[in-house]
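The structure appears below as structure tokens.
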Amino acid sequence: MKERFLLHVCCAPCGIAVIDGLRSSYDLWVLFYNPNIFPETEYQKRKSEVVRVCGEWGIPMIDEDYDASAWEEEVKGLEKEKEGGRRCPVCFRYRLFRTAETALELGFSVFGTTLSSGRNKRADIIDAIGMEAAERFGVRYCGEDWKKGGRQELGKKMIAERGIYRQDYCGCRFSLKQRHPEKESCPA
Ligand code: SF4
């Protein structure tokens, strides 16, 4: 019997090659938990693309809360940080701990995340947080630098073939403002 693996997916471009790589070896489920994404329309857009990818291969997807105000509370005081600064590990931790907790509650033996697929994301930081969550909840963490091994190129090809939406900023309102400082509507 295959091991039950709960994979946190941040978006379809980061997730598609990882899902495809894991789905034959595990009883793979996807968890969409990304309350960091701003605005909500963008959140819905990214989520619908993950739903589409999961649908293609019949992967069950757990749709977690969009508790954006709780996420905002979590990163309070770190608003001025740049992407890659001190706010990001807090954001990773928030999502990974929920993933590990859900994995425990639903009887998964392994959990992981696609976060390290992002070109600006450091796998060593994400993996350290994953290991911490594993220890706390008693579920094994499976992590690696998903950018490597040709997966980044493969992911790009796979999303281009399917016409999947690819965003140009990380996710939170601060990263949106950093990428598009001209957008006055962004309250960062
Ligand atoms: S820049 Fe990305 S990883 Fe960092 S806090 Fe914002 S959404 Fe999270």
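Here is how the numbers come out for the structure above:
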| quantity | calculated |
| --- | --- |
| Residue match in segment 21-43 (condition: open to solvent by 10 Å² or more (accessible area, probe 1.4 Å), among the aliphatic types (A, V, I, L, M), closer than 18 Å to N120 by Cα and over 12 Å from the mean Cα position of the chain (by Cα)) | no |
| Failed criterion for C10 (all others in (1) open to solvent by less than 10 Å² (accessible area, probe 1.4 Å); (2) assigned to a loop (DSSP other than H, G, I, E, B) hold) | (1) |
| Single condition T114 does not satisfy, out of (1) more than 15 Å from F32 (Cα to Cα); (2) within 13 Å of the ligand (Cβ to nearest atom); (3) at pLDDT 95 or above | (1) |
| Any hit, segment 109-126, residues being of a type in the set (A, V, I, L, M), in contact with a strand residue (DSSP E or B) (Cβ under 9 Å, 6 or more places away or on another chain) and over 14 Å from C10 (Cβ atoms) | yes |
| Matching option when the condition is without any contact (Cβ under 8 Å) to a residue 24 or more places away in the chain, of a type outside the set (A, V, I, L, M, F, W, C) and closer than 21 Å to R151 by Cα, among G55, G21, G15 | G55 |
| Cross-chain or 6+ apart pairs with Cβ under 7 Å, segment 143-154 first and touching a residue at least 40 places away in the same chain (Cβ under 8 Å), then of a type in the set (A, V, I, L, M) | W146/V18; R151/A17; R151/V18; L154/A17 |
| Test: residue in segment 163-180 that is more than 24 Å from K80 (Cβ to Cβ) and touching a strand residue (DSSP E or B) at 6+ places or on another chain (Cβ under 8 Å) | no |
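The values are calculated or read from the model by the stated rules, or taken from the named source; none is laboratory data. Note that the structure is a prediction, hence the values are computed from the model and not measured. Positions of Cβ are backbone-derived with ideal geometry, glycine not excepted, and every protein chain shown enters the neighbour counts. In case anyone asks, the SASA skips ligands and DNA or RNA and just uses the protein heavy atoms, side chains included. Shrake-Rupley method; radii C 1.70, N 1.55, O 1.52, S 1.80 Å.
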